[in-house]
Amino acid sequence: MERWPALELASTIRHDGNGGVADDLATLRSATSWIGQQAELLAGHVDLAGLTMDEGLRSELVELRRAVRALFAQAVSPAPPSRADAGRLMPAEQALARLNAAAAREAIVPQLDWPAGGTPRAGVLSAERDANVRLVAALARAAIDFLSGPQRERLRACNAPRCVRYFVQSHGRQEWCKPSCGNRARAARHYQRHSATAAHDLSGSSQPL
């Protein structure tokens, strides 16, 4: 399954499996763990070994995520955005300014890496020495690429009960981010139909003769 750094960042807000919402950037420890999981996606853009995870970097990632999720909400409109932050989204103009400012913090030159017998891979040449700056800038550039690319047209907010994820449709009729969400959604619809029918029958049976 294809992965996109921008979608991975947005998905650090997710269902926690217990009816609530989890935040993978809530603590320094969880943020460090999440960054480690992105090593393959960020290869060629930033040396993760040089990062210093501190409160400043964590806060920058959270603010960048806010901008990305606000722009994701705009991308899926007029369909509803993710329920996780639908009522407190950053204004689109502010989100654009924040995203572009983060990307502009690092001046880069594109580079092509093609190891012998391997697969060509795009990278960047940068004079920026601060790995923290490079990380935030790389994620911002990835979000710009995502939102300006064809996958934006297939971006959706999962409408399954309790799910708060965004996903990219793999086919035109896909409504949910994964099969388990589809199962929950179908079960909820069945329950609603059954409850409505039962309520109607009960109401009819109570009519005077």
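Applying 0.36 nm per residue to the separation of Asp130 and Ser30 and subtracting their alpha-carbon distance, the gain on full extension is 33.9 nm. Solvent-accessible area per residue in the chain equals 58 Å², computed with a 1.4 angstrom probe and all protein chains kept. Using a simple spin-label model with pseudo-atoms 7 Å out from Cα toward Cβ, Asp145 and Leu112 lie 1.5 nm apart. Got the relative contact order for the stretch 1-42 handy, in percent, Cα pairs under 8 Å and 6 or more residues apart? The normalised contact order for the stretch 1-42 reaches 34 percent. Surface composition of the chain: carbon and sulfur make up 54 percent of the accessible area, probe 1.4 Å.
Dipole magnitude of the stretch 85-163 about its Cα centre, charges +1 at Lys/Arg Cβ and -1 at Asp/Glu Cβ only, in debye to the nearest 20?
Working: 11 positive and 8 negative charges, 55 e Å.
Its charge dipole is roughly 260 debye.
Along its principal axes, the stretch 34-156 has C-alpha extents of 48, 34, 25 angstrom, given from the largest down. Working note: Cα atoms of the stretch 32-92, range along each principal axis, descending, whole Å: 41, 24, 18.
With +1 assigned to the C-beta of every Lys and Arg and -1 to the C-beta of every Asp and Glu, and no other charges, what is the dipole magnitude of the stretch 1-108 about the Cα centre in debye, to the nearest 20?
Numbers: 11 positive and 14 negative charges, 66 e Å.
So the magnitude is around 320 debye.
When the helix-only estimate is applied to the chain (DSSP H runs of n ≥ 4, each -39,500 (n - 2.57), divided by the residue count), what is the mean residue ellipticity at 222 nm, nearest 500 deg cm²/dmol? Walk me through the intermediate numbers first.
Values: 7 runs with 98 residues, N = 209.
Result for the chain, helices only: -15000 deg cm²/dmol.
From the coordinates of this entry, Rg and Dmax of the Cα atoms in Å is computed, and it appears in (i) 20.8, 72; (ii) 21.2, 87; (iii) 22.9, 87 under the label (ii).
Taking trypsin sites (Lys or Arg not before Pro) as exposed when DSSP calls them loop and at most 10 other C-beta atoms lie within 10 angstrom, the chain has its longest site-free stretch at 1-87.
The values are calculated or read from the model by the stated rules, or taken from the named source; none is laboratory data. Only a predicted model underlies this, so the values are computations on that prediction, with no experimental measurement involved. Because the Cβ atoms are built from the backbone with ideal geometry, glycine has one as well, and the counts that use them run over all protein chains shown. Just the protein is used for accessible areas: all its heavy atoms, side chains included, with ligands, DNA and RNA removed. Shrake-Rupley method; radii C 1.70, N 1.55, O 1.52, S 1.80 Å.
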